[in-house]
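Take a look at the structure set out below.
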Number of protein chains: 2
Amino acid sequence: MTPPDVLISEVGPRDGLQSVKATMPTADKLRWIDALHAAGVREIEVASFVPAKLLPQMADAAEVVRHAVTLPGLTVMALVPNRKGAQAALEAGVHKLTMPVSASVAHSLANVRKTPTEMVLEVHAISELRRAMAPHVRLEAGISTAFGCTLQGLVPEDDVIRLAAQCIEAGAEEAGLSDTVGYANPAQVRRLFRRLRAELGTHAGAAHMHNTRGLGIANCLAAWDEGVRTFDASLGGLGGCPYAPGASGNAVTEDLVFMFEAMGVRTGIDIQKLIAARAPLMAGLPGEPVYGMTPEAGLPKGFAVQQETTAHA
Amino acid sequence: MTPPDVLISEVGPRDGLQSVKATMPTADKLRWIDALHAAGVREIEVASFVPAKLLPQMADAAEVVRHAVTLPGLTVMALVPNRKGAQAALEAGVHKLTMPVSASVAHSLANVRKTPTEMVLEVHAISELRRAMAPHVRLEAGISTAFGCTLQGLVPEDDVIRLAAQCIEAGAEEAGLSDTVGYANPAQVRRLFRRLRAELGTHAGAAHMHNTRGLGIANCLAAWDEGVRTFDASLGGLGGCPYAPGASGNAVTEDLVFMFEAMGVRTGIDIQKLIAARAPLMAGLPGEPVYGMTPEAGLPKGFAVQQETTAHA
């Protein structure tokens, strides 16, 4: 079986769940992750290792990781803001760590109480820690507010690219760009990812786009055009950032997968099963609004067959 | 004042209103059209000239046109499926006629009870009629189901391009492509508009994208990349089937305008005033779901100032 053309990295169980008020019961989280895996999703950001008193939604992070790593072929990722979190995540057995490194000083302080420069040092420390504890574990830096910030306003592109390069020098394998507050537009996405890829080569990481102003999918298309092949997305568009006012809604996984599959770009994901994975999400978060047009409309006539044909072409 | 970089053609008062069950009172329609005009919208498809017993929502078409043509600088467009409708539209004083010419035989028969070939003859007849009655009036053919059809399934691209060319030969000034059922993907949009522009040159018309599966804005971006400069869109994403909640119709004007303005592509539209134009829409259609993320999230900090700067750059 040839590998998919793009990697859809599902961030709902972390980015989504930590942005909503309610706490999803652990059993529902596990059912949700199982359903995502059954649909063919092969990378999931399953939890955030942060103090439970700050984010009670993530209190069961270790338990969730221990379950997720039993699913075959799945890369289990967790967000870690600091060494303590990284240690706990590594002990739980994650395959990949992701760190939020914000290009906006104001957002960085609000989010992790460290400046961007201090976070680069943290990247280095965590990189060393994982080399000592679990050298196979990959480390990714997600450059937050890369396209603008509700607190700082404009974020200079030079700051973003320099910070990404510093994270790679500090030991991260990948640095991606996050539109934390939904300010990005396709022209900017193309410009920044072009610069990122020129600067970092194969270390250039994922596009993490929000749908705050309806451009999530268009911005993913723009990133795809520039050669990006890993895309963060959230089932039902769940998500945001609790420390960035006005941030809501990740790019919707269902619509993103539909776009790529319709274009003949293979995701490895079965859309019908992906849509079925909404059931445990909605069961675990009753009353929470979910987004996504493809689940409402259903697939075009004969689409599943067409997808099958493309997959074997 | 330099002209805008793109023309946003608002189709809500026609495409949107004829897709919903309720009939918007005429006074609300006029207030809505006024508000769109006040926001800077310079082309509006205000009505469809069809038998009132088939579409009671459009019974006041002539009255709406007679009001709309009083608004300075506005191109007033109406949909006409046949000669009778065209005559009534011309008598009411429209500036532009648009005809639905479907590339799917099944859809064409269901929609206008004529085959595509018969519709090309109708285009010719209406072109002659307008030359006799009002030679300044422009005629556009919208090639429906250009990206696939729920009835026919696959629509061959050759059929689409040939039909568009036939409409131009028959006398239309423009032929655009419509994703009537929301099947289009960006790769297909690029491919078809590239062919259309190669075939028709300056006669290649608007991109009419639906948001049925969440790709409306991404498909507009794809069309923009291919040189398309006229985009149909609907305020609040109005449209779709009243029996399928969530399956919205057209690309959302608010999000589309936000995308272009954020990219530095001037639309001539004031987004704050555009958002304000939702009030008469919602007043006239109480309870009807409206879409659009930008109105919910608001504009990014300093965006209006930035837009102003770009407009005068």
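The values are calculated or read from the model by the stated rules, or taken from the named source; none is laboratory data. Owing to the predicted nature of the structure, the values given are computational and were not obtained by experimental measurement. No Cβ is skipped: glycine too gets one built from the backbone with ideal geometry, and neighbour counts run over all protein chains shown.
Residue-by-condition table, conditions (1) at pLDDT below 95; (2) among the hydroxyl-bearing types (Ser, Thr, Tyr); (3) in a helix (DSSP H, G or I):
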position	(1), (2), (3)
B:GLU140	no, no, no
B:ALA146	no, no, no
B:ASP159	no, no, yes
B:ILE168	no, no, yes
B:LEU177	no, no, no
B:VAL181	yes, no, no
B:ALA184	no, no, no
B:VAL189	no, no, yes
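Return the total of residues in the stretch A:261-280 being more than 18 Å from A:ILE217 (Cα to Cα) and touching a Pro at 6+ places or on another chain (Cβ under 9 Å).
2
Conditions tested, residue by residue: (1) under 28 Å from B:ASN185 (Cβ atoms); (2) more than 14 Å from every other protein chain (Cβ to nearest Cβ).
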position	(1), (2)
A:LEU151	no, no
A:PRO156	no, yes
A:ALA184	yes, no
A:GLN188	yes, no
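Need the failing condition index for B:ALA204 against (1) among the aliphatic types (A, V, I, L, M); (2) out of contact with any Leu (no Cβ under 6 Å at 6 or more places or on another chain); (3) away from every other protein chain (no Cβ under 13 Å); (4) crowded, with 24+ Cβ neighbours inside 10 Å, just the number.
B:ALA204 satisfies every listed condition except (2).
Go through B:VAL50, B:VAL76, B:VAL41, B:VAL65 for me and flag whichever is assigned to a helix (DSSP H, G or I) and either farther than 27 Å from B:MET259 by Cβ or out of contact with any Pro (no Cβ under 7 Å at 6 or more places or on another chain) (or both).
Working: B:VAL50 fails: assigned to a helix (DSSP H, G or I); B:VAL76 fails: assigned to a helix (DSSP H, G or I); B:VAL41 fails: assigned to a helix (DSSP H, G or I).
Testing whether each residue is assigned to a helix (DSSP H, G or I) and either farther than 27 Å from B:MET259 by Cβ or out of contact with any Pro (no Cβ under 7 Å at 6 or more places or on another chain) (or both) leaves just B:VAL65.
If I ask for residues that are touching a residue at least 24 places away in the same chain (Cβ under 8 Å), in a helix (DSSP H, G or I) and at the interface with another protein chain (Cβ under 10 Å from one of its Cβ atoms), which ones from the stretch A:257-270 would you list? Even if it seems obvious, please write down each step before you answer.
Going through the stretch A:257-270, the residues touching a residue at least 24 places away in the same chain (Cβ under 8 Å) turn out to be A:257-262, A:264-270.
Next, only the ones that are in a helix (DSSP H, G or I) stay: A:257-262.
Result: A:PHE258, A:MET259, A:PHE260, A:GLU261, A:ALA262.
Of all the residues that make up the stretch B:1-42, how many are at pLDDT 95 or above, surrounded by fewer than 21 Cβ atoms within 10 Å (Cβ to Cβ) and touching a strand residue (DSSP E or B) at 6+ places or on another chain (Cβ under 6 Å)?
1
Just to verify a result, which residue in the stretch B:281-297, among those that are assigned to a helix (DSSP H, G or I) and within 13 Å of another protein chain (Cβ to nearest Cβ), is nearest to B:LEU221 (Cα to Cα)?
Of everything passing the filter in the stretch B:281-297, B:THR294 is nearest to B:LEU221 (Cα to Cα).
Could you give every pair whose Cβ atoms fall below 6 Å, whose first residue belongs to the stretch B:212-227 and is more than 8 Å from chain A (Cβ to nearest Cβ) and surrounded by fewer than 24 Cβ atoms within 10 Å (Cβ to Cβ), and whose second residue is among the hydrophobic types (A, V, I, L, M, F, W, C) and not in a loop (DSSP other than H, G, I, E, B), counting only separations of at least 6 or pairs across chains?
B:GLU226/B:PHE193
If you check A:LEU163 against the conditions, is it more than 11 Å from chain B (Cβ to nearest Cβ) and more than 29 Å from B:THR294 (Cα to Cα)?
Judged against the criteria, A:LEU163 is a match.
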